[in-house]
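Report on one structure; see the data block that follows.
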Amino acid sequence: AGVFVAFVLSVASLTYLVVRTYSFRRSSSLAEPQGSALKGVVYAFGRGLMPWAKESASKHLATYVGGVVFHIAIAIALVFLAANLLKIEIPQTILVVVRIACALGLLTGVGLLVKRMVAAYVRVISSPDDFVANLLVDLFLAAVIITTAYPGFVSLLYGVAIVLALYIPLGKIRHCFFFFYDRILFGNFFGRRGVLPPGSRRI
């Protein structure tokens, strides 16, 4: 019940933030569309996420791959949490897969945290939230790993999940919610202008 209430409050808070963000005044576009907004959105969620489409990611490929592994592991951990809350029995083979995926995610998470502390060019632009967010997610992944091996520690998982859920709207982890909203606006705007996908502008 605590986990459920925490996530309901989290989603409600995130929805409120999105609604507030989208309440800005939008000027009408008088120019004729030069491309397809839909194609722009499709690109934003597809090829636009590839490292070669991102200047920073293409220069830091290892960090990009680590981030992908980290986020996939988080998604798997959340599915495991949901299955656990719904009392869905998970086969042992799947539990091993979940454990391995979360272990890889934990390693990359710790690696990204160490890089943030060691690399001066990253440390100088980091805030306390960057460290807290990473640590909370790492703890969540660790709790999932422990619970897959020792179900008796499920209370630990629930406790960490509650703290994580309540923190999401307060810190940078809320990007997991704003990501979709941002990519839709980005793809829609530049797709309509004919900038996305690259080379799609009408002559």
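The values are calculated or read from the model by the stated rules, or taken from the named source; none is laboratory data. Just so you know, these numbers come straight off a predicted model, no measurement behind them. Glycine gets a Cβ as well: all are built from the backbone with ideal geometry, and neighbour counts include every protein chain shown. Accessible surface areas use protein heavy atoms only, side chains included; no ligands, DNA or RNA. Shrake-Rupley method; radii C 1.70, N 1.55, O 1.52, S 1.80 Å.
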Whether any residue in the stretch 75-84 is more than 18 Å from SER155 (Cα to Cα) and under 16 Å from the mean Cα position of the chain (by Cα) is what I want to check. yes
Got a sec? Which of PHE177, PHE189 is in contact with a helix residue (DSSP H, G or I) (Cβ under 6 Å, 6 or more places away or on another chain), open to solvent by 40 Å² or more (accessible area, probe 1.4 Å), modelled with pLDDT under 85 and of a type outside the set (Ser, Thr, Tyr)? PHE177
Inspect all residues belonging to the stretch 127-145 and state whether any of them is among the charged types (D, E, K, R), touching a residue at least 40 places away in the same chain (Cβ under 8 Å) and more than 11 Å from ALA73 (Cβ to Cβ). yes
Evaluate the stretch 151-165: report whether one residue or more is at pLDDT 90 or above, within 20 Å of the chain's Cα centre (by Cα) and of a type in the set (Gly, Ala, Ser). yes
Just to verify a result, which residue in the stretch 114-157, among those that are of a type in the set (Phe, Trp, Tyr) and closer than 20 Å to GLY67 by Cβ, is least open to solvent (accessible area, probe 1.4 Å)? PHE140
